[in-house]
Structure formats: C-alpha cells, structure tokens
Amino acid sequence: MDSSSPCDQSLLSAECEEGIDEDENLYQKLLLQAAQEMQSQVTPNSKPIKPEPGFCVKTKTSDGGKVFVNICQSSQVPPPPDISEAELVELLQSEDPSGFRVPMSLGEPHAEIDNSSNGCTAYDVVINPEFFNKTKGSELVLEFLIAVSFEGLENKYDLQLCREWKILKNRKFLGSIADQNIRTKPRPGIQELESRLTDDQLTSRSDSLGESPPLTLTVEPPQGEPQYLIAEISLPKVPSSRSLVLDLGEDRMVLSARPSLYHLDCFLPFIIDPESSAAQHHRGTRILTITMPVIGSA
C-alpha cells in the first residue's frame, strides 16, 4: 500500500486524536504496508484476481474490536460441489460437517475507518459467483457461508469472531478491495494412501508420551507423479496449536501434543521437503492438516 493513500492518512489522524504515541502510529503503518505488499506479491503457481464486491458483514472480535468482512466474488475461484438446501441441512446435522468445503481466498487484514470515524479492521473473502448467488435465495446458505468465512479467518489469523453479525444494507464493502493471488494449480482430487502404510511404518507410542491419534495420509494429484503428501491428524483433545510440537524429516514425521495428550511417530511413504511444508490446525474440527511437497520416492 502506498504511504500516501487516504486509508493510511485517515487511520493515522484518528489514532493521533486518541493520543496514541507517534512511534506506535509508525509501527502500525509499517505493519499495514507490509501486509499489503505481501498480498500483492505474485508467488509461483499463482495469479492475481480482481474481486467484485458482494456484501459486507459487521461483527466484533472477542475483545470488542470492530471487524468488517467483505464477502466478494470472482469467477477465478472454483465453485464448491453443487449441494441442495436439504443436503446442506443433512450435512450440518451429521457427525462430520467439515466434509463439505467452500473454496475461498482470504485476503490480508486492512485498517479502515467506519461511519463513526473510528478505526476498525476489514477482511476480504472471495468466493465463486455461482455459490454467492445461492445466498440470495436461501437464508440457510447465507448463514452457512458467513459461518465458514468466519472460521477461515479465525484459523488463518488466530482470531475469535463474535457469531452475532449484521449485513450492512447501504454498502457492499468497507474500504477498498485489493487484488488477491490464488493458486493456478488446483488440487482436483485426493487419493487415499491409508493402505500404503505398514505396521513398521507407523510406530506410534501410546505409553507416557500420549495416545496415538488417528492419521490419514493422502496424495495429490490422484494420477501421475505425486506433488503433495497430505496428513490429516484428528486431535479432539487439543483446542489450540500452542500445545503441539511437530518435527518433520525427509521421510519421517513426529508429533507431540502436550502435556502427554498425543504422540505420533511414523515413517512417510515418500521423500518430502520439510522446509517447504506447512501445517494448519483447525480449531473447529480439531484436525491438524500438514501439506508436504513430495520430492522423491521413499
């Protein structure tokens, strides 16, 4: 973001009126600039998209901070599988509602000024227009979309958003909607790899280190040379990633959940790149997902 943008100047002015130290203002400004620069950088296997406005949701964080979520749309974001309202009801009442996922792009937070000239934070969530249009005729789909958007933001940015929200009537977005980057190599399918693990490969310890958590290994794409090895580990006793310790080697994965809740030590069916791997803990489902680039056969 350019340092002369109206958004930055308004925010700095509002902060000065509230008596915030100049050093703190500069620090906040640099953080915002860094976030926007990260958002604008095009990474390998990605492309920029220009989201179109949809509607704006007003809510708060757990500590009372005002938050606006701009629900945007772009045809570059793939649609989720087609689902009827009856099927959605059945899914939400099932034991694993996380089985239905809505592809979305979550933008970086940007500081804005609300109608009362108070500082606030806005996020841009981009979905496919087909699924967006379904929210116009179904209150259930609308509430489901907002719920999964909140969950996505909470897990990506370690937030706690209030589930009491309001859709703004007279504006489709707050602030300015920035371009985002999405993957150009989608993950079209998942090939189950559970049967490829042997008893020798899976050496979980259930003694004083903790019990063995359920593990599912999958590979993407389903045909041809594997590009990613995906590990999903169910950790129902772990509410936060703060208690997790993960150690990845080229052909081995060791996970511990303190204090002595879980322990997993297993050999992997492929050689992976530990430095480029990423892990994400979903606080709702309490599932740890580890994405590991494959660089060779074990």
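The values are calculated or read from the model by the stated rules, or taken from the named source; none is laboratory data. Predicted model, so just to flag it, every value in this text is computed and none were measured. Note: ideal-geometry Cβ built from the backbone for every residue, glycine included; neighbour counts use all protein chains shown. Each accessible area value is taken on the protein alone, full model and side chains, heavy atoms only, with ligands, DNA and RNA left out. Shrake-Rupley method; radii C 1.70, N 1.55, O 1.52, S 1.80 Å.
Points worth noting:
- The selection criterion, being over 28 Å from Asn118 (Cβ atoms), buried (at least 18 other Cβ atoms within 10 Å of the Cβ) and not polar (S, T, N, Q), holds for Val102.
- Evaluated against (1) open to solvent by 70 Å² or more (accessible area, probe 1.4 Å); (2) within 30 Å of Gly54 (Cα to Cα); (3) modelled with pLDDT of 90 or more, Leu168 falls short on exactly one condition, (1).
- Any hit, the stretch 105-122, residues being open to solvent by 60 Å² or more (accessible area, probe 1.4 Å) and hydroxyl-bearing (Ser, Thr, Tyr): yes
- When residues of the stretch 214-235 are limited to those that are part of a loop (DSSP other than H, G, I, E, B) and open to solvent by 10 Å² or more (accessible area, probe 1.4 Å), the one nearest to Glu154 (Cα to Cα): Pro214
- Filter pass, Glu95 being open to solvent by 70 Å² or more (accessible area, probe 1.4 Å) and at pLDDT below 90: yes
- Selection of the stretch 213-244 for residues being among the acidic types (Asp, Glu) and more than 20 Å from the chain's Cα centre (by Cα) yields only Glu225.
- Residue match in the stretch 125-143 (condition: under 27 Å from Arg286 (Cβ atoms) and in contact with a Cys (Cβ under 6 Å, 6 or more places away or on another chain)): yes
- Single condition Pro44 does not satisfy, out of (1) modelled with pLDDT under 65; (2) within 18 Å of the chain's Cα centre (by Cα): (2)
- Candidates are the residues of the stretch 236-256 that are among the polar types (S, T, N, Q) and part of a helix (DSSP H, G or I); the one that is most open to solvent (accessible area, probe 1.4 Å) is Ser241.
- Residue within the stretch 197-213 that is modelled with pLDDT of 55 or more, in contact with a Lys or Arg (Cβ under 9 Å, 6 or more places away or on another chain), buried (at least 16 other Cβ atoms within 10 Å of the Cβ) and in a strand (DSSP E or B) present: no
- When the stretch 268-298 is filtered for residues that are open to solvent by 50 Å² or more (accessible area, probe 1.4 Å), in a loop (DSSP other than H, G, I, E, B) and farther than 25 Å from Pro239 by Cα, only Ala298 remains.
- Taken over the stretch 257-267, the criterion of being without any contact (Cβ under 8 Å) to a residue 60 or more places away in the chain and either over 30 Å from Ser149 (Cα atoms) or crowded, with 16+ Cβ neighbours inside 10 Å (or both) is satisfied by Ala257, Pro259, Ser260, Leu261, Tyr262, His263.
- Taking the criterion of being among the charged types (D, E, K, R), assigned to a loop (DSSP other than H, G, I, E, B) and either modelled with pLDDT of 75 or more or within 25 Å of Gly249 (Cα to Cα) (or both), the residues of the stretch 171-196 that qualify are Arg171, Lys172, Asp179, Arg187.
- Count of residues meeting criterion [closer than 17 Å to Lys66 by Cα and either touching a residue at least 60 places away in the same chain (Cβ under 8 Å) or open to solvent by 30 Å² or more (accessible area, probe 1.4 Å) (or both)] in the stretch 123-146: 2
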